[in-house]
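The values are calculated or read from the model by the stated rules, or taken from the named source; none is laboratory data. Keep in mind the model is a prediction, meaning the values are calculated, not measured. All Cβ positions, even for glycine, are placed from backbone atoms using ideal geometry, and neighbour counts span all protein chains on display. Ligands, DNA and RNA are excluded from the accessible area calculation, which covers all protein heavy atoms including side chains. Shrake-Rupley method; radii C 1.70, N 1.55, O 1.52, S 1.80 Å.
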Amino acid sequence: MMIMQKREVETSKTVEQMVNELVNKGYSEIEAIKIIHDKYEIENKLDFTSIIIHISSLTLILSLFNSSSFIISLKIALGIFYSIFFVGYAALRIFYPKELKQLSSLHTLGISLATSFAIIAMIGLLLNFTIGITIYTGIIGIVILTETFNIIYNLRGYR
């Protein structure tokens, strides 16, 4: 109960009051603002890439139920990009979120490609020794794993 009251007191302070307290302790105003910003920064994990992964997953699953030529072309194009990039990128965002932010876009792309190839190979090996590899099991296996990684990443941001 004492902890709850203490937190309520801390959250009822304005940012200006917290900055003034740090300035009184000897920090410069810019340092105080940076400390408060870093302490209370909330990241929104539902970013553009997460939304694209969700939409791509839904599109790939829905493409299994339609066999028109346009849908087949869409499935091939989206499936190649999805399996080459999104699988590894979703895995990297879970296991190395801080390190991924420090890398350049080109490094992120390269590491995502390598990770995707390794994960797809493991999914193929698992499918080969269990239920068999077909277009349906391949797409469903890849989508389930990628969506699991993506959902875990999104939920971590809201804790």
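What the table shows:
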| item | result |
| --- | --- |
| Residue list for the range 108-159, filter: more than 25 Å from LEU62 (Cβ to Cβ) and among the hydroxyl-bearing types (Ser, Thr, Tyr) | THR108, THR115, TYR158 |
| Single residue of LYS6, LYS45 found to be modelled with pLDDT under 80, surrounded by 11 or more Cβ atoms within 10 Å (Cβ to Cβ) and on the phi < 0 side of the Ramachandran plot | LYS45 |
| Enumeration of residues in the range 91-126 that are closer than 30 Å to PHE65 by Cα and either at pLDDT below 90 or open to solvent by 40 Å² or more (accessible area, probe 1.4 Å) (or both) | LEU113, PHE117, ALA118, ILE120, ALA121, MET122, LEU125, LEU126 |
| Residue list for the range 49-88, filter: of a type in the set (Gly, Ala, Ser) and open to solvent by 50 Å² or more (accessible area, probe 1.4 Å) | SER67, SER69, SER73, ALA77 |
| Filtered residues of the range 133-144 (kept if under 18 Å from the mean Cα position of the chain (by Cα) and surrounded by fewer than 18 Cβ atoms within 10 Å (Cβ to Cβ)) | ILE144 |
| Any hit, the range 60-69, residues being within 19 Å of PHE48 (Cα to Cα) and part of a helix (DSSP H, G or I) | yes |
| Pairs where the first residue, in the range 54-70, is without any contact (Cβ under 8 Å) to a residue 12 or more places away in the chain and the second is loosely packed, with under 14 Cβ neighbours inside 10 Å and of a type outside the set (Lys, Arg), C-beta under 9 Å, 6+ apart | ASN66/ILE72 |
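For every residue, the table says whether it meets (1) closer than 18 Å to ILE53 by Cα; (2) free of Cβ contacts under 8 Å to residues at least 12 places away in the same chain.
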| site | (1), (2) |
| --- | --- |
| ILE76 | yes, yes |
| SER83 | yes, no |
| ILE94 | yes, no |
| GLU99 | no, yes |
| PHE117 | yes, no |
| LEU127 | no, no |
| ILE131 | no, yes |
| THR137 | no, yes |
| ILE140 | yes, no |
